[in-house]
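Asks: Below is the structure I would like to discuss, written out as structure tokens.
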Amino acid sequence: IDWLQFAVEWRKLYQPSMEEVRSGRRPFTILDVLHRESLVKLVERHRIAGLSEADVDHMNRAWHRLDPWPDAREGLARLKRTRIIVPCSTGNVALMVNMAKRAGLPWDCVLGAETARAYKPMPEAYLASCRQLGLAPASVMMVAAHNHDLKAAKGQGLATAFVARPNE
């Protein structure tokens, strides 16, 4: 199997799986579960045999082991001196904590979909994070590499900053 193509196919199932939650067709479900369901579909589609449940779990946790962009640690450390830095992520708390711990990312806490019970770009995904920090949306800046995320955050009154990243 072409594992790079497999990963691309897996990533393409990301938004449709969250859309099932956003649309209300299914109750809120954390990203680890959505990722695993998508992975199982692909394993079946590609007729990959011989994987144990532990193997599938390990593969699914690949998202917990992502490497940061090379400048991320230094940039976040500089921001942390004077700002609160918190991911407002579609990733569930365990995923984001594991990623941060492995990658050395100095977040103050983890917020986003799981704590808001809403996936971006739903307004509640942004507004819940502001409330949980005790901050008005106008005093929060969403920094992202995805224009659709920034547009949605701006629509909720947050300041925005775009960070260019190749292939994002």
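Asks: Just report the Cα centroid separation between region 33-83 and region 96-168, whole Å.
Replies: If you average the Cα positions of each part, the centres end up 19 Å apart.
Asks: Can you work out the PRE-style zone for Val97? Point 7 Å along Cα to Cβ, and I want the residues of region 15-37 with backbone N under 20 Å.
Replies: Within reach of a label on Val97, which here means backbone N under 20 Å from a point 7 Å along Cα→Cβ, region 15-37 contributes 29-36.
Asks: While we're here: Students sometimes get this wrong: rank Thr82, Thr160 by accessible area, probe 1.4 Å, all chains present, largest first.
Replies: Details: Thr82 105, Thr160 50 Å².
Output order, biggest surface exposure first: Thr82, Thr160.
Asks: In addition: In the chain, carbon and sulfur make up what percent of the accessible area (probe 1.4 Å)? Could you put the intermediate results ahead of the total?
Replies: Details: 5630 of 9990 Å².
Result for the chain: 56 percent of the exposed heavy-atom area is carbon or sulfur.
Asks: Follow-up question, since we're still on this one. What does the accessible area per residue of the chain come to in Å², with a 1.4 Å probe and no ligands, DNA or RNA counted? Provide the component values of the computation, followed by the final result.
Replies: On the way: 9990 Å² over 168 residues.
The answer is 59 Å² per residue.
Asks: Please state the equivalent ellipsoid semi-axes for the chain: what are the square roots of 5 times the Cα gyration tensor eigenvalues, largest first, in whole Å?
Replies: Values: eigenvalues 169, 72, 41 Å².
Equivalent-ellipsoid dimensions as semi-axes: 29, 19, 14 Å.
Asks: Would you mind getting me the FRET efficiency between His46 and Gln15? Use the beta-carbon distance for r and R0 = 22 Å, nearest 0.05.
Replies: Working from the Cβ atoms, E equals 0.60.
Asks: To the nearest 10 square angstrom, how much accessible area does Arg65 have with a 1.4 angstrom probe?
Replies: It works out to around 90 Å².
Asks: Moving on. Using a simple charge model, +1 on the beta-carbon of Lys and Arg, -1 on the beta-carbon of Asp and Glu, nothing else, what dipole does region 21-168 show about its Cα centre, in debye to the nearest 20? Provide the component values of the computation, followed by the final result.
Replies: Working: 22 positive and 14 negative charges, 62 e Å.
Here region 21-168 has a charge dipole of around 300 debye.
Asks: In degrees from 0 to 90, rounded to the nearest 10, what is the angle of the helix 93-103 Cα long axis to the longest principal axis of the chain?
Replies: That works out to roughly 90 degrees.
Asks: To test your reading of the geometry: what angle, between 0 and 90 degrees and rounded to tens, separates the Cα axis of helix 123-133 from the longest principal axis of the chain?
Replies: Taking the Cα atoms of the chain, the angle to 123-133 is about 60 degrees.
Asks: Roll a 1.4 Å probe over the protein heavy atoms and report the accessible area of Leu79 in Å², nearest 10.
Replies: About 90 Å², ignoring ligands and nucleic acids.
Asks: Same structure, new question: So how much accessible area does Leu111 have, in Å² to the nearest 10, using a 1.4 Å probe?
Replies: Answer for Leu111: close to 20 Å² accessible.
Asks: Okay, next question. With Cβ to Cβ distances under 13 Å as the rule, what net charge do the other residues near Leu76 carry (K, R +1; D, E -1)? Kindly include the intermediate steps, with their values, before the conclusion.
Replies: Working: positive: Arg73, Arg78, Lys80, Arg81, Arg83; negative: Asp71, Glu74, Asp108.
Charge balance in the 13 Å sphere: +2.
Asks: Quote to one decimal, in nm, the extra length available between His58 and Ala136 on full extension: 0.36 nm per residue of separation minus the C-alpha distance between them. Before the final figure, lay out the partial values.
Replies: Numbers: separation 78, 0.36 × 78 = 28.08 nm, distance 3.93 nm.
Gain in length upon complete extension: 24.2 nm.
Asks: GNM, the chain, Cα, under 10 Å: largest mean-square fluctuation among Met18, Met122, Met59?
Replies: So, out of Met18, Met122, Met59, the one fluctuating most is Met59.
Asks: Between Thr82 and His146, what length comes free when the chain is fully extended (0.36 nm per residue of separation minus the Cα-Cα distance, one decimal in nm)?
Replies: Values: separation 64, 0.36 × 64 = 23.04 nm, distance 2.45 nm.
Residue separation times 0.36 nm, minus the Cα-Cα distance, leaves 20.6 nm.
Asks: Also, quick follow-up: With springs connecting C-alpha atoms under 10 Å apart, model the chain as a Gaussian network and identify which of Asp71, Asp57, Asp108 has the largest mean-square fluctuation.
Replies: Per the Cα network of the chain with a 10 Å cutoff, Asp71 tops the list.
Asks: Okay, moving on. Specify which residue in the list Pro16, Ala159, Gly50 is farthest towards the positive end of the charge dipole of the chain, using unit charges on the beta carbon of Lys, Arg (+1) and Asp, Glu (-1), about the Cα centre.
Replies: Ala159
The values are calculated or read from the model by the stated rules, or taken from the named source; none is laboratory data. Because the structure is a prediction, the values reported are computed rather than measured. Heads up, the Cβs are rebuilt from the backbone with ideal geometry, glycines too, and the neighbour counts pull from every protein chain shown. These area figures cover heavy atoms from the full protein model, side chains too; ligands, DNA and RNA do not enter into them. Shrake-Rupley method; radii C 1.70, N 1.55, O 1.52, S 1.80 Å.
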